[in-house]
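The block underneath contains the structure these notes are about, expressed in structure tokens.
The values are calculated or read from the model by the stated rules, or taken from the named source; none is laboratory data. Quick caveat, the model's predicted, so the values are computed rather than measured. When we count neighbours, we look across all protein chains shown, and the Cβ atoms used for this are built from the backbone with ideal geometry, even at glycine.
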Amino acid sequence: MSSHRKATQRALLTACAAAAAVGLVLIVALSGGHTKGTTTGKVRPAAGGPVLIAGTPAAFGYLTAQRSNRCGLKPAELETTPPAQHLQGSCCDPMDLSTYEWQVKALQHYAALPQIPRDPYNVPVSLARRLLRYDSTIHLSGRQQATYDRAMHMSREKGPCCCHCWRWTAFRGMSKYLIVRAGWSAPQVALLIDDVEGCGGKGEPPSIPAQAAA
């Protein structure tokens, strides 16, 4: 498949996801639900330094040196972590600037959904806890489980993260929410899982084969 066709297909999938996100936000708002976002496109250094814009070389330079996001961090540990803190840095391999830039750019398509982080290497603890609650409280039907399994098979890591850390459980919860509450398809979930990957390393923008997206 040509790179142009892949880009067009990805744009269509993200547009569908964005439309679903807007619809979901309107439903929540009309029902009196809480719609205030919990994520931003800014990186706040812990020492009180200048606020950095997500996806920029300055934010990259700061986040590469952070270790609060680590491979061995388990979901239970976040229950005692202050919700205002952020999980920053890569959990496994060193971050790559070009990969970080396209990830943040891709996540801008989902700005209407506060359940999706704006920066895969700067996730608020409050959001992580929220996604963990989704994982424990949202139960998938047989058909929804099949959608989830297909999405994970299509993703780069074949799962919600490269290791069974807090991210695995949290982004499984995020996926459940999007499948059940927003009606996302397997290709849409798979693209997002690749976009929020926080394992580090060099990666290319994900695309879904035509036969998988059909």
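With respect to the conditions (1) farther than 19 Å from residue 206 by Cα; (2) basic (Lys, Arg); (3) out of contact with any Pro (no Cβ under 9 Å at 6 or more places or on another chain); (4) touching a residue at least 40 places away in the same chain (Cβ under 8 Å), residue 143 falls short on a single one, namely (4). Go through (1) aliphatic (A, V, I, L, M); (2) buried (at least 20 other Cβ atoms within 10 Å of the Cβ); (3) without any contact (Cβ under 8 Å) to a residue 60 or more places away in the chain and name the single condition residue 138 misses. Every condition holds for residue 138 apart from (2). Checked against (1) within 22 Å of residue 172 (Cα to Cα); (2) surrounded by fewer than 16 Cβ atoms within 10 Å (Cβ to Cβ); (3) modelled with pLDDT of 95 or more, residue 72 passes all but a single condition, namely (3). Which residues, taken from segment 132-163, are within 27 Å of residue 62 (Cβ to Cβ) and either touching a strand residue (DSSP E or B) at 6+ places or on another chain (Cβ under 9 Å) or not in a helix (DSSP H, G or I) (or both)? Matches in segment 132-163: 156, 157, 160, 161, 162, 163.
Yes/no per residue for (1) farther than 22 Å from residue 112 by Cβ; (2) buried (at least 24 other Cβ atoms within 10 Å of the Cβ); (3) among the charged types (D, E, K, R); (4) in contact with a Phe, Trp or Tyr (Cβ under 6 Å, 6 or more places away or on another chain):
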| site | (1), (2), (3), (4) |
| --- | --- |
| 169 | yes, no, no, no |
| 181 | no, no, yes, no |
| 185 | no, no, no, no |
| 192 | no, yes, no, no |
| 200 | yes, no, no, no |
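Residues of segment 78-129 that are surrounded by 22 or more Cβ atoms within 10 Å (Cβ to Cβ), part of a loop (DSSP other than H, G, I, E, B) and of a type in the set (Gly, Ala, Ser): 90 alone.
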